[in-house]
Amino acid sequence: MKTILHISASARGEESASYRLSRRMIAQLREQHPDARVVSRDLYAEPVPHIDSLYASTLARLPGGAPHAQGLSSLAWSDLLIEELKAADAVVIATPMHNFTVPSVLKAWLDHVVRIGVTFNATPQGKVGTLPDRPVYIAVSSGGPRSGERARQPDFLEPYLRAILATIGLTDLHFV
Ligand SMILES: Cc1cc2nc3c(=O)[nH]c(=O)nc-3n(C[C@H](O)[C@H](O)[C@H](O)COP(=O)(O)O)c2cc1C
């Protein structure tokens, strides 16, 4: 394992429970792979913009995900984030539950990396991911239980991440 991509989606920085848990996951990975490089993407420290109209309309107009023209900022972000993901041998995601699902900053990241013709293809059988599978470790924190007998709320976070990451080919998920 050469590269670990560390995505953090908490507004609470290093105080964050999910961030601290994810740091422990990374420490464990690095015990097995001491030379692994960690690439950090803190979605609050450096917010990823929402997709813009050019991104949305370009993808809609050009099925198959045409190569983008230089200078389209949202597509440039998409390119960058997809390259980071492709280069990672393992991914560690730190995320709190916000309103029963992922925080909007993590959704914005997903909107950039789940891209037709690039990370998945639309086929008559449905969406087929193009990324080689790799382990994804997901550190989740929530104010109340989100699963089991004590849960008093729906959990759209874990099923959503399982579905959307599978769409691009990532199925080796480990939730903690
Ligand atoms: C905007 C917002 C929405 C939240 N929604 C939920 C929720 O739906 N369910 C829940 O259990 N906790 C919810 N919480 C609480 C956080 O998930 C909880 O405090 C979590 O431990 C924060 O993790 P962090 O320290 O990694 O940021 C919410 C917090 C915020 C700020």
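Taking only pairs six or more apart or across chains, which ones have beta-carbon atoms under 7 Å, a first residue in segment 98-109 that is free of Cβ contacts under 8 Å to residues at least 24 places away in the same chain, and a second residue that is open to solvent by less than 40 Å² (accessible area, probe 1.4 Å) and away from the ligand (no atom under 11 Å from the Cβ)?
Within 7 Å, no pair qualifies.
Counting just the residues of segment 156-174 that are part of a loop (DSSP other than H, G, I, E, B) and out of contact with any Phe, Trp or Tyr (no Cβ under 8 Å at 6 or more places or on another chain), which one comes out surrounded by the most Cβ atoms within 10 Å (Cβ to Cβ)?
Of everything passing the filter in segment 156-174, LEU170 is surrounded by the most Cβ atoms within 10 Å (Cβ to Cβ).
I'm checking my understanding of the structure. Among residues of segment 1-25 that are within 16 Å of the ligand (Cβ to nearest atom), surrounded by fewer than 20 Cβ atoms within 10 Å (Cβ to Cβ) and at pLDDT 95 or above, which one is nearest to VAL102 (Cα to Cα)?
So the residue we want is ALA11.
Looking only at segment 82-114, which residues are away from the ligand (no atom under 16 Å from the Cβ) and open to solvent by 10 Å² or more (accessible area, probe 1.4 Å)?
GLU83, GLU84, LYS86, ALA87, ASP89, ASP111, VAL114
Is it true that LEU81 is at pLDDT below 95 and not charged (D, E, K, R)?
no
Which condition from (1) in contact with a Leu (Cβ under 6 Å, 6 or more places away or on another chain); (2) open to solvent by 30 Å² or more (accessible area, probe 1.4 Å) is the one that VAL118 breaks?
Going through (1) in contact with a Leu (Cβ under 6 Å, 6 or more places away or on another chain); (2) open to solvent by 30 Å² or more (accessible area, probe 1.4 Å) one by one, VAL118 breaks only (1).
Looking only at segment 96-131, count every residue that is polar (S, T, N, Q) and closer than 24 Å to LYS2 by Cβ and tell me the total.
The total comes to 2.
With the requirement that a residue be assigned to a loop (DSSP other than H, G, I, E, B), surrounded by 12 or more Cβ atoms within 10 Å (Cβ to Cβ) and near the ligand (Cβ under 8 Å from one of its atoms), what does segment 136-155 give you?
Those that are assigned to a loop (DSSP other than H, G, I, E, B), surrounded by 12 or more Cβ atoms within 10 Å (Cβ to Cβ) and near the ligand (Cβ under 8 Å from one of its atoms): SER142, PRO145, ARG146, GLN153.
Among the residues that make up segment 121-131, is at least one of them within 16 Å of the ligand (Cβ to nearest atom) and either modelled with pLDDT under 95 or open to solvent by less than 50 Å² (accessible area, probe 1.4 Å) (or both)?
No, there is no match, as no residue in segment 121-131 is within 16 Å of the ligand (Cβ to nearest atom) and either modelled with pLDDT under 95 or open to solvent by less than 50 Å² (accessible area, probe 1.4 Å) (or both).
Quick one: which residue in ILE93, ILE168, ILE138 is in contact (Cβ under 8 Å) with a residue 12 or more places away in the chain and over 21 Å from GLU46 (Cβ atoms)?
Going through ILE93, ILE168, ILE138 in turn, just one is in contact (Cβ under 8 Å) with a residue 12 or more places away in the chain and over 21 Å from GLU46 (Cβ atoms): ILE168.
The values are calculated or read from the model by the stated rules, or taken from the named source; none is laboratory data. Fair warning: this is a prediction, and the values are worked out from it, not measured in the lab. Cβ coordinates were reconstructed from backbone atoms using ideal geometry, including for glycine residues, and neighbour counts include every protein chain displayed. The accessibility values were calculated without ligands, DNA or RNA, using every heavy atom of the protein model including side chains. Shrake-Rupley method; radii C 1.70, N 1.55, O 1.52, S 1.80 Å.
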